[in-house]
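For reference, the structure discussed in these notes is given below.
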Number of protein chains: 2
Amino acid sequence: MKELEDRIREQGIVRAGNVLKVDSFLNHQCDPQLFASMAEEWKKRFAGKQIDKVLTIEASGIGIAAIVAEKLGVPFVFAKKTESINLDGEQYRTQVFSFTKKKTYDVIVAKRFINEGEHVLLIDDFLASGKAILGLLDLCKQAGAVVEGIGIAIEKSFQEGGELLRSRGYNVQSLARIAAMDDQTGEVKFVED
Amino acid sequence: MKELEDRIREQGIVRAGNVLKVDSFLNHQCDPQLFASMAEEWKKRFAGKQIDKVLTIEASGIGIAAIVAEKLGVPFVFAKKTESINLDGEQYRTQVFSFTKKKTYDVIVAKRFINEGEHVLLIDDFLASGKAILGLLDLCKQAGAVVEGIGIAIEKSFQEGGELLRSRGYNVQSLARIAAMDDQTGEVKFVED
């Protein structure tokens, strides 16, 4: 998606260790008009699919998921990261390792908000190792929900997450796929569509 | 706002200790069409005010802020809760005590995303003690930003936050103001507008 790639070229900051900072428009300060364009693009790419609900994970997926869900006319649910143990049995629970924070979170969603047979679209801001999305897929599997697709804003295609998910048959639609980044020149190269 | 009050009456669950669970439509599973109606209502209530940016705090304020910002045509920023100490000087920082989690968080926002003289609308899902909003106000004060108003979905009017903020001259617009709740009958009484 050209609009997102242009924003990454103009405002993204490449740091050592393949870190891409996009906090001026995507995940700290956020541009909701860009999110609306992204939502329209996913709407096209997932046209014809039944989508009953959007599922994301806190925190930076929430703003994008909210606007996608509004455009699709469906509810959205955000899975919560927690370090506390809650054994009330009312939640689906999985573990996700965060490379950014170097720790494992419990990720939970209330059972009554993902239902058996429900068709779900997963949304997140980044796809790199794929750990967060694998966590959401595990929650959907526990619930017996059908994952219709996975919408990602920025995929780091040089990491394993995208390939792993596509090889398992998931319909992954990443709006910007980064082939390589150079923290010396600041250059970002995208995968040619 | 009748639509929000009706949803609270129909789907809110009153628990002991003045806890109101609205996680089926406001802060876990979320109804973006309701958020769009709320955004239109705030747009009316803050008509004529200059609003350059929407500021909220993670996590449950983000979805609401995203849709409000989209309707206003401005960016939004979410302040981040963190327990880590970062002394790089690039962030405004304050402390917020969470009654729900019984601990104090550092709340941060990157300095480049709140600017001196910028006119800001604060948005959050709940107002009770007011601690989270006081934290956001402190961040705005550090930045020299002008707080044009405070938009709250649900205010617990029997707690001190609303009165405290209004007595300091802030324009607080809560879309549902709860006067009392009864966890035995499940009844919720609203403040008459």
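Numbers below:
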quantity: Enumeration of residues in segment B:133-161 that are farther than 21 Å from B:D52 by Cβ and out of contact with any Gly (no Cβ under 6 Å at 6 or more places or on another chain); calculated: B:L134, B:A153, B:I154, B:K156, B:S157, B:F158, B:Q159, B:E160
quantity: Evaluation of A:K81 against (1) buried (at least 18 other Cβ atoms within 10 Å of the Cβ); (2) modelled with pLDDT under 95; (3) more than 26 Å from A:A176 (Cβ to Cβ) (one fails), failing number; calculated: (3)
quantity: Matching residues in segment A:20-57 - criterion: being surrounded by 20 or more Cβ atoms within 10 Å (Cβ to Cβ) and of a type in the set (D, E); calculated: A:D31
quantity: Failed criterion for B:V147 (all others in (1) of a type in the set (A, V, I, L, M); (2) buried (at least 21 other Cβ atoms within 10 Å of the Cβ); (3) in contact with a helix residue (DSSP H, G or I) (Cβ under 7 Å, 6 or more places away or on another chain) hold); calculated: (2)
quantity: Residue in segment A:120-141 that is surrounded by the fewest Cβ atoms within 10 Å (Cβ to Cβ), counting only those that are over 18 Å from A:Y105 (Cα atoms) and over 11 Å from the mean Cα position of the chain (by Cα); calculated: A:K141
quantity: Boolean, B:G12 is over 17 Å from the mean Cα position of the chain (by Cα), crowded, with 20+ Cβ neighbours inside 10 Å and away from chain A (no Cβ under 13 Å); calculated: yes
quantity: The lone exception for B:L127 - which of (1) modelled with pLDDT under 95; (2) over 16 Å from B:K80 (Cα atoms) it fails; calculated: (1)
quantity: Candidates A:F99, A:F78, A:F25, A:F35, filtered to the one that is more than 14 Å from chain B (Cβ to nearest Cβ) and not charged (D, E, K, R); calculated: A:F99
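The values are calculated or read from the model by the stated rules, or taken from the named source; none is laboratory data. Owing to the predicted nature of the structure, the values given are computational and were not obtained by experimental measurement. Every residue, glycine among them, receives a Cβ derived from its backbone with ideal geometry; neighbour counts consider all protein chains shown.
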